[in-house]
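The values are calculated or read from the model by the stated rules, or taken from the named source; none is laboratory data. It should be emphasised that the depicted structure is a prediction, and the values quoted were computed from it without experimental measurement. Cβ placement follows ideal geometry from the backbone for every residue including glycine, while neighbour counts extend to all protein chains displayed.
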Amino acid sequence: MNDSIEKLAELFRAFPGIGERQARRFVYFLLSKDKGYLESLTNGISELKKNARQCENCFRFFTDDGHEECDICSNSKRNKNILMIVEKDADVSSLEKSRVFSGKYFIFGGTVPIILKDTPLNVRIHELIKKLRLLLKNEDLKEIILGFSLTPAGDHTDTYIREEINRALPNIKLIISSLGRGLSTGTELEYSDKETLKSALENRH
Ligand SMILES: [Zn+2]
């Protein structure tokens, strides 16, 4: 018994932002729930990958509806002059819920740690450069907004992307801005409310 508690707790520990104590609380929470709840949860998890796919364009996950692009990328009403680069899917959800941004997105897939030594980079920098090349050829893109959290890793990712773009695409005609300080230091984009996001967008620099 103890072993299965430990095993499950270990799996929860891999979740973003979850420590050992919280992981254990999840397990005890599940133990307190009835069979129906556990079945829905188990089914939900096993169906997840079957019904979801990743957008070929922005790398967002979306419910598979037979299309290759997500509903944001394929929406012709979205402003294709502005592309916001964010760390993860949850950031897009947060921005979409607040309805403050009408451009398109690109999911970078992570942040770039300050100490890079020997750390394999798990971010989509090559995909981003490739995408920018393509968009600039079509002359649709006018501005990219770096929408990273105001954390040391977020700040560093901002700098990293600017440097990589300058190196790979020198002399391009493109405004590169970053979300304003409407987000207070340490704020995660994902947890910001509508007013904060709106002011961060208006005060981009
Ligand atoms: Zn997309």
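Sort through GLU202, GLU143 and tell me the only one that's among the acidic types (Asp, Glu), loosely packed, with under 13 Cβ neighbours inside 10 Å and at pLDDT 85 or above. Talk me through it step by step, then tell me what you get.
On the way: GLU143 fails: loosely packed, with under 13 Cβ neighbours inside 10 Å.
Within the list GLU202, GLU143, the selection yields GLU202.
Remark: ASP118 matches the filter, which requires a residue to be modelled with pLDDT under 95, more than 17 Å from the chain's Cα centre (by Cα) and either within 12 Å of the ligand (Cβ to nearest atom) or within 22 Å of ASP155 (Cβ to Cβ) (or both). Against the numbered list (1) part of a loop (DSSP other than H, G, I, E, B); (2) surrounded by 13 or more Cβ atoms within 10 Å (Cβ to Cβ); (3) within 16 Å of the ligand (Cβ to nearest atom), SER76 comes up short only at (2).
If we keep just the residues of segment 166-196 that are hydrophobic (A, V, I, L, M, F, W, C) and under 13 Å from PHE148 (Cβ atoms), which is modelled with the highest pLDDT? Can you show your working first?
First pass over segment 166-196, keeping only residues hydrophobic (A, V, I, L, M, F, W, C): 168-169, 172, 174-176, 179, 183, 189.
Then drop every residue that is not under 13 Å from PHE148 (Cβ atoms), which leaves 176, 179, 183, 189.
Working: ILE176: 95, LEU179: 89, LEU183: 57, LEU189: 82.
My answer is ILE176.
List the pairs whose first member sits in segment 62-90 and is in contact (Cβ under 8 Å) with a residue 12 or more places away in the chain and among the acidic types (Asp, Glu), whose second member is more than 12 Å from the ligand (Cβ to nearest atom) and in a strand (DSSP E or B), and whose Cβ atoms are under 9 Å apart, counting only residues at least 6 apart or on separate chains? Filtered contacts from segment 62-90: ASP64/ALA52; GLU87/GLY147.
All conditions but one from (1) within 16 Å of the ligand (Cβ to nearest atom); (2) surrounded by 15 or more Cβ atoms within 10 Å (Cβ to Cβ); (3) free of Cβ contacts under 8 Å to residues at least 24 places away in the same chain apply to PHE12; the one that does not is (1).
For segment 94-108, filtering for residues that are within 14 Å of CYS58 (Cα to Cα) and modelled with pLDDT under 95 leaves 0.
Within the bounds of segment 110-133, is there any residue that is under 15 Å from LEU189 (Cβ atoms) and surrounded by fewer than 21 Cβ atoms within 10 Å (Cβ to Cβ)?
Of the residues in segment 110-133, the ones under 15 Å from LEU189 (Cβ atoms) are 110-111.
Subsequent filtering for residues that are surrounded by fewer than 21 Cβ atoms within 10 Å (Cβ to Cβ) retains 110.
There is at least one residue in segment 110-133 that is under 15 Å from LEU189 (Cβ atoms) and surrounded by fewer than 21 Cβ atoms within 10 Å (Cβ to Cβ).
The set of residues from segment 91-115 being more than 20 Å from ILE129 (Cα to Cα), more than 14 Å from the ligand (Cβ to nearest atom) and touching a Phe, Trp or Tyr at 6+ places or on another chain (Cβ under 9 Å) comprises just one member, SER94.
Within segment 29-39, does at least one residue satisfy the condition of being part of a strand (DSSP E or B) and modelled with pLDDT of 95 or more? So far as segment 29-39 goes, no, none of its residues is part of a strand (DSSP E or B) and modelled with pLDDT of 95 or more.
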